[in-house]
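Student: Starting off with a structure, shown below.
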Amino acid sequence: MKIRKLQLYSLNFREQLHFYRNTLGLEVKQNSEGNFEVQMGYSLLEFQYKQDAKPYHIAFHIPDNQEEEALEWVKERMPVLKNNNEEIIDFSAWNAKSLYFYDADENILEFISRRDFNKPQSALFSEESILGVAEIGIGATEVREKFNFLNSHFDLEKYDGDFEKFCAIGDDEGLLITIDRNKKDWFPSDDKAYAAEFRVEFRHKQKEHQLVFENDALKTLSE
């Protein structure tokens, strides 16, 4: 599944705009009183102000074998979240390596580098190296119910995990990281997971889809 657009909500809206535009150096496509959009490679990331917005887990693809360069780039701008004192996490089962940091809303952001997925165009890493949205987290209850919905409506498959605490749903190109928020927290910082609402537009098996997560429920806006 290729995530084309991800719409999220923000509590610290002005700080978020400054973070994505000035700290990360991303192109702002639209900016109004309570809404802005930034281009993240092939994905459009949108934030809308919401008074009761909750934190998310979001991952972005970066080129193969550029996690070291990405780490130095991030550390020049903000602290990195560690796991057992490690700054780069090796997910050997996924053939990937990741690093983590916070944005202005304390959303957990992840840069994930997958082997043999997208070769770097440059030896240097910059904001232009970000390829697109790789993952969005779903802090849910009833993980199996969420999988059944995604499988029946979009033909998405289980990528990893189980149906009790954690289930990654989708494929190498894009994942919906579904956890039971009453049984598991977000990696690597053990931040509490919330039913943070979002909308996502994605392409899967030559079809375009729209998915909404709100009130702890999934629904489709697809034709």
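Student: Determine the shape class of the stretch 113-169: with a ≥ b ≥ c the square roots of the Cα gyration tensor eigenvalues, call it rounded for a/c under 1.5, and otherwise prolate if a/b is greater than b/c, oblate otherwise. If you can, show how the numbers build up before the last one.
Tutor: Working: a/c = 2.93, a/b = 2.65, b/c = 1.11.
It comes out prolate by the Cα gyration axes.
Student: Further question on the same structure: Based on the alpha carbons, how large is the Rg to Rh ratio for the stretch 47-158 when Rh follows Kirkwood?
Tutor: Working: Rg = 15.7 Å, Rh = 15.7 Å.
Expressed as Rg/Rh, it is 1.00.
Student: Another question, if that's okay. For the stretch 146-215, what class follows from the C-alpha gyration tensor (a ≥ b ≥ c being the square roots of its eigenvalues): rounded when a/c is under 1.5, otherwise prolate if a/b is larger than b/c, else oblate? Let's see the in-between values first.
Tutor: On the way: a/c = 1.96, a/b = 1.57, b/c = 1.25.
It is prolate, given that a/c is not under 1.5 and a/b is the larger ratio.
Student: Placing +1 at every Lys and Arg Cβ and -1 at every Asp and Glu Cβ, with all other atoms neutral, what dipole size does the stretch 91-223 have around its Cα centre, in debye to the nearest 20?
Tutor: For the stretch 91-223, the charge dipole is close to 360 debye.
Student: For the chain, give the magnitude of the charge dipole about the Cα centre (Cβ charges: +1 Lys/Arg, -1 Asp/Glu; no others), in debye to the nearest 20.
Tutor: On the way: 28 positive and 43 negative charges, 84 e Å.
That gives a dipole near 400 debye.
Student: Right, here's the next one. Carbon and sulfur together cover what percent of the accessible area of the stretch 1-132 at a 1.4 Å probe radius? Display every interim value, and only then the final one.
Tutor: Details: 2620 of 6250 Å².
The value for the stretch 1-132 is 42 percent carbon and sulfur by accessible area.
Student: Right, something else. Take the residue pairs K50/K75; K82/K192; K2/K119; K158/K205 and return only those whose Cα atoms are more than 25 Å apart. Intermediate values should be presented prior to the final figure.
Tutor: Numbers: K50/K75 29 Å; K82/K192 16 Å; K2/K119 17 Å; K158/K205 15 Å.
Listed pairs above 25 Å: K50/K75.
Student: Further, regarding this structure: Relative to the present Cα-Cα distance, how much length would full extension add between K82 and D116 at 0.36 nm per residue of separation? It would help to have the intermediate numbers written out before the result.
Tutor: Details: separation 34, 0.36 × 34 = 12.24 nm, distance 2.52 nm.
Going from the current span to full extension adds 9.7 nm.
Student: Something else about it: Which loop chymotrypsin sites (Phe, Trp or Tyr not before Pro) in the stretch 1-66, with loop taken from DSSP, have no more than 16 other Cβ atoms within 10 angstrom of their Cβ? Each step should come with its number before you reach the end.
Tutor: On the way: sites: Y9, F13, F19, Y20, F36, Y42, F47, Y49, Y56, F60; in loops: Y42, Y56.
Qualifying residues, ordered by number: Y42.
Student: Per residue, how much accessible area does the stretch 7-72 show when a 1.4 Å probe rolls over the protein heavy atoms, in square angstrom?
Tutor: Numbers: 2890 Å² over 66 residues.
So the stretch 7-72 comes to 44 Å² accessible per residue, rounded to a whole number.
Student: What's the center-to-center distance, using Cα atoms, between the stretch 121-138 and the stretch 23-79 in Å?
Tutor: Centre-to-centre distance over Cα atoms comes out at 9 Å.
The values are calculated or read from the model by the stated rules, or taken from the named source; none is laboratory data. Remember, predicted model here, so these are calculated numbers, not experimental data. As a convention, Cβ positions derive from the backbone with ideal geometry for all residues, glycine included, and neighbour counts pool all protein chains shown. For accessibility, only protein heavy atoms count, side chains too; no ligands or nucleic acids. Shrake-Rupley method; radii C 1.70, N 1.55, O 1.52, S 1.80 Å.
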